[in-house]
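To start, the structure itself, in structure tokens.
The values are calculated or read from the model by the stated rules, or taken from the named source; none is laboratory data. For clarity, every value in this text was computed on a predicted model and none was experimentally measured. Positions of Cβ are backbone-derived with ideal geometry, glycine not excepted, and every protein chain shown enters the neighbour counts.
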Amino acid sequence: MARLAGKVAIVTGATSGLGAASALRMAEEGAAVLVTGRDEGRGAEVVESIAAAGGAARFRPLDVTEEAAWQATVESVVAEHGRLDILFNNAGITRAEPIADVSLETWRQIMAVNADGVFLGTRSAIPAMRDSGGGSIINMSSVLGLVGTANLAAYTASKGAVRYFTKCVALECARDGSGVRVNSIHPAFIHTPMMDETATRMFGDAAAGPEEFGKLHPIGRVGEPNDIANGVVYLASDESKFVTGTELVIDGGYTAE
């Protein structure tokens, strides 16, 4: 079933991990997808995977912290397709270290990508979506946008910012008649390159990640990228037409305890 047939999507941080998986799933469901990121080689590989599966996609470089780049990206999509229906603000970075070791530079870098990038993308997409008759903005937060944890203060703060930013914009869009819905998605630990990087920093070995992080989830394991990608498709589709300003938590029970 083509749940996103006729829709046009932008996915940030789509060259690997959750972004790549979500871009592929949206294309499988009929969306034309703009794959964005900073690694052109990996972006081309994602586009090739989508094409091999029968989907439609192209790659465009995008630094989500650059205001002008965002405006140009949205304009390019509208010029090519005449509309914009879906934005998945997925790009994000993390760094695990005690607060005493967090430099101001690291703090600002994490905030720039994880929070400023979501702000810039959302602000850029809304006018195009309004002209298209509505749309769905999905902002990547985290279970750490709902609860705290040690040694990830900057990342956790950025994801909390995304959660509440999402609610504010959702209310504005719900009341202005734009037809734009805005929701946040909150994964627990998912087996991606970002998780491997965090495991290396925390345990000294990426291979320890699935076992060590799996212990944090009542379900007994970490998630897989498609566990999140399927949730993204739901929020992007008309199946969620009455859903806005809320959190989709996909966490193996992490926040239930």
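Details
- Lone qualifier among 244, 166, 255, 149 - being more than 19 Å from the chain's Cα centre (by Cα) and in contact (Cβ under 8 Å) with a residue 60 or more places away in the chain: 255
- Only one of the numbered conditions (1) under 15 Å from the mean Cα position of the chain (by Cα); (2) touching a residue at least 40 places away in the same chain (Cβ under 8 Å) is not met by residue 234, and that is (2).
- Remark: pairs (first residue in the stretch 1-18, at positive phi; second residue surrounded by 24 or more Cβ atoms within 10 Å (Cβ to Cβ) and among the small types (Gly, Ala, Ser); Cβ separation under 6 Å; 6+ apart in sequence or on different chains) = 13/19; 13/37; 13/91.
- Unmet criterion (only one of (1) over 26 Å from residue 85 (Cα atoms); (2) in the same structural domain as residue 126 (by TED's automatic domain parsing); (3) surrounded by 19 or more Cβ atoms within 10 Å (Cβ to Cβ); (4) not charged (D, E, K, R)) for residue 231: (1)
- Evaluated against (1) touching a residue at least 40 places away in the same chain (Cβ under 8 Å); (2) outside any loop (DSSP other than H, G, I, E, B), residue 42 falls short on exactly one condition, (1).
- Applying the condition of being in a helix (DSSP H, G or I) and among the hydrophobic types (A, V, I, L, M, F, W, C) to the stretch 220-245 and asking which residue is nearest to residue 9 (Cα to Cα) yields 236.
- All positions within the stretch 83-120 that are more than 19 Å from residue 69 (Cα to Cα) and either without any contact (Cβ under 8 Å) to a residue 12 or more places away in the chain or part of a strand (DSSP E or B) (or both): 100, 101, 103, 104, 105, 108
- Here 75, 67, 105, 40 are screened, and the one residue that is farther than 27 Å from residue 165 by Cα, modelled with pLDDT of 95 or more and of a type in the set (Asp, Glu) is 40.
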